[in-house]
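Down below is the structure, laid out as structure tokens.
The values are calculated or read from the model by the stated rules, or taken from the named source; none is laboratory data. It should be emphasised that the depicted structure is a prediction, and the values quoted were computed from it without experimental measurement. FYI the Cβ positions are ideal-geometry reconstructions off the backbone, even for glycines, and counts take in every protein chain you see. Side chains included, ligands, DNA and RNA excluded: accessible areas come from the protein's heavy atoms. Shrake-Rupley method; radii C 1.70, N 1.55, O 1.52, S 1.80 Å.
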Amino acid sequence: MNLRSTAILSSLSIGILAARKFDKKETAALAQRHGANEKALHLNKTLFSTSEHYQAITAVRSRARAYINDHTNPWDGEGWRIMRSSEFMEMSAEIRKFELEFDHAVKPFLVEYQSGRLRDKAVLNGLWREEDYPPVEKAKKKFYFELEFQPLPDVSDWRVDVGREEMEVLRRQAEKSVQDRINKSMVEPHYRLFDGVAHMASRITGAKTCPCRGCKNRMFLSDSVSDSLVDNLRKICDILPKLNITDDPNLAALIEEAKAGLLSFNVGTIRENPTVRNTLAERAAKLQSELGWVLNAA
């Protein structure tokens, strides 16, 4: 399968004025007061804590990043992610909405920048430092919102001034590197399905902890089944085909197995019928085992 015709790379970069400021002077004073090593302390201040506009900026940044992460697979450690090229128009349109929302929050924040500094002075009192706040024109340049796309690397068209044999070795190494990244990117949709199934299994069995990445083995205070339990797994199953960029038939089969085996009952029936819960628990355990085999082999 030639992914260069069906997949592209995307990268979302969002910049904002930093609200966390390290106070070196107060860190040193605190260390001296307690006889502590200054290197063990790090006193940070939060600026603009009372600014609704700043809170709106950080909120839209989080939602935009979550959207990108939900609709793409990881590619490298530099922010690039892989996606189906057929999703380009939809993603561009959705990110444009986030960008407009971002701009609509940044503009009033900058208009009220000076008054925001004064509100901070009242909040931080003796910890307030004028040097923590750059001039408004400099602060304005800290905000940006950029979505970039680029094709997958095509090493077949390399032009390097080396011998033919050396060129072939370089191409094979580069092709392997690209294929390794593609293989690693396909681990993510398997993990997402595993997380969704594991979470459902933990709740219907009344387990005190859940191994999914969202819960991170945190303790549950009750064994109740939430209204969103089935819908959350359904949303995962609906988006995973878009993330199956290699059209892996095994992943497609696992998605269908989850749909048929775990999404055929409503939450009310699951709550009220122990037989249904036992059936779902058995199906979930089987699916977790199948997914675990794939993830352990990755």
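Yes/no matrix, rows are residues, columns are (1) within 23 Å of Gln179 (Cβ to Cβ); (2) not in a helix (DSSP H, G or I):
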residue	(1), (2)
Asp231	no, no
Asp238	no, no
Lys242	yes, no
Ile245	yes, yes
Phe265	no, yes
Ile270	no, no
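Can you report the number of residues in segment 213-229 which are part of a loop (DSSP other than H, G, I, E, B), open to solvent by less than 80 Å² (accessible area, probe 1.4 Å) and farther than 21 Å from Ile68 by Cβ?
7
Show the residue pairs meeting these rules: Cβ distance below 8 Å; 6+ apart or different chains; first residue within segment 1-18 and modelled with pLDDT under 85; second residue open to solvent by 40 Å² or more (accessible area, probe 1.4 Å) and in a strand (DSSP E or B).
These pairs meet every condition: Arg4/Pro151.
Going residue by residue through segment 99-113, is there one that turns out to be modelled with pLDDT under 90 and either farther than 30 Å from Asn2 by Cβ or open to solvent by 60 Å² or more (accessible area, probe 1.4 Å) (or both)?
No.
Would you pick out the residues in segment 1-23 that are of a type outside the set (A, V, I, L, M) and closer than 30 Å to His53 by Cβ?
Ser10, Ser11, Ser13, Gly15, Arg20, Lys21, Phe22, Asp23
Results for (1) loosely packed, with under 13 Cβ neighbours inside 10 Å; (2) more than 24 Å from the chain's Cα centre (by Cα); (3) aromatic (Phe, Trp, Tyr), shown as yes or no for each residue.
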{"site": "Leu30", "(1), (2), (3)": "no, yes, no"}
{"site": "Leu43", "(1), (2), (3)": "no, yes, no"}
{"site": "Leu47", "(1), (2), (3)": "no, yes, no"}
{"site": "Asp76", "(1), (2), (3)": "no, no, no"}
{"site": "Arg96", "(1), (2), (3)": "yes, no, no"}
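So the check is Cβ under 7 Å with 6+ separation or different chains; which pairs have a first residue in segment 38-65 that's within 22 Å of Leu147 (Cβ to Cβ) and a second one that's open to solvent by 60 Å² or more (accessible area, probe 1.4 Å) and in a helix (DSSP H, G or I)?
Val60/Glu101
Can you name the number of the only condition in (1) hydroxyl-bearing (Ser, Thr, Tyr); (2) within 29 Å of Ser5 (Cβ to Cβ); (3) open to solvent by 70 Å² or more (accessible area, probe 1.4 Å); (4) at pLDDT 90 or above that Ser156 fails?
The one condition Ser156 does not meet is (4).
Consider segment 130-147. How many of its residues are of a type outside the set (Ser, Thr, Tyr) and open to solvent by 100 Å² or more (accessible area, probe 1.4 Å)?
The qualifying residues number 6.
For segment 247-269, how many residues meet the condition of being out of contact with any Leu (no Cβ under 7 Å at 6 or more places or on another chain) and either touching a residue at least 60 places away in the same chain (Cβ under 8 Å) or closer than 14 Å to Phe194 by Cβ (or both)?
Qualifying residue count, segment 247-269: 4.
Given Leu118, Leu127, which one is in contact with a helix residue (DSSP H, G or I) (Cβ under 8 Å, 6 or more places away or on another chain) and either modelled with pLDDT under 95 or open to solvent by less than 70 Å² (accessible area, probe 1.4 Å) (or both)?
Result: Leu127 is the single residue among Leu118, Leu127 that is in contact with a helix residue (DSSP H, G or I) (Cβ under 8 Å, 6 or more places away or on another chain) and either modelled with pLDDT under 95 or open to solvent by less than 70 Å² (accessible area, probe 1.4 Å) (or both).
How many residues are open to solvent by 40 Å² or more (accessible area, probe 1.4 Å) and either within 20 Å of Val187 (Cα to Cα) or hydroxyl-bearing (Ser, Thr, Tyr) (or both) if we restrict to segment 249-264?
Total meeting the criteria: 8.
Taking the stated definitions as given, is Ala198 assigned to a helix (DSSP H, G or I), aliphatic (A, V, I, L, M), under 30 Å from Ala258 (Cβ atoms) and at pLDDT 90 or above?
Spelling it out, Ala198 is indeed assigned to a helix (DSSP H, G or I), aliphatic (A, V, I, L, M), under 30 Å from Ala258 (Cβ atoms) and at pLDDT 90 or above.
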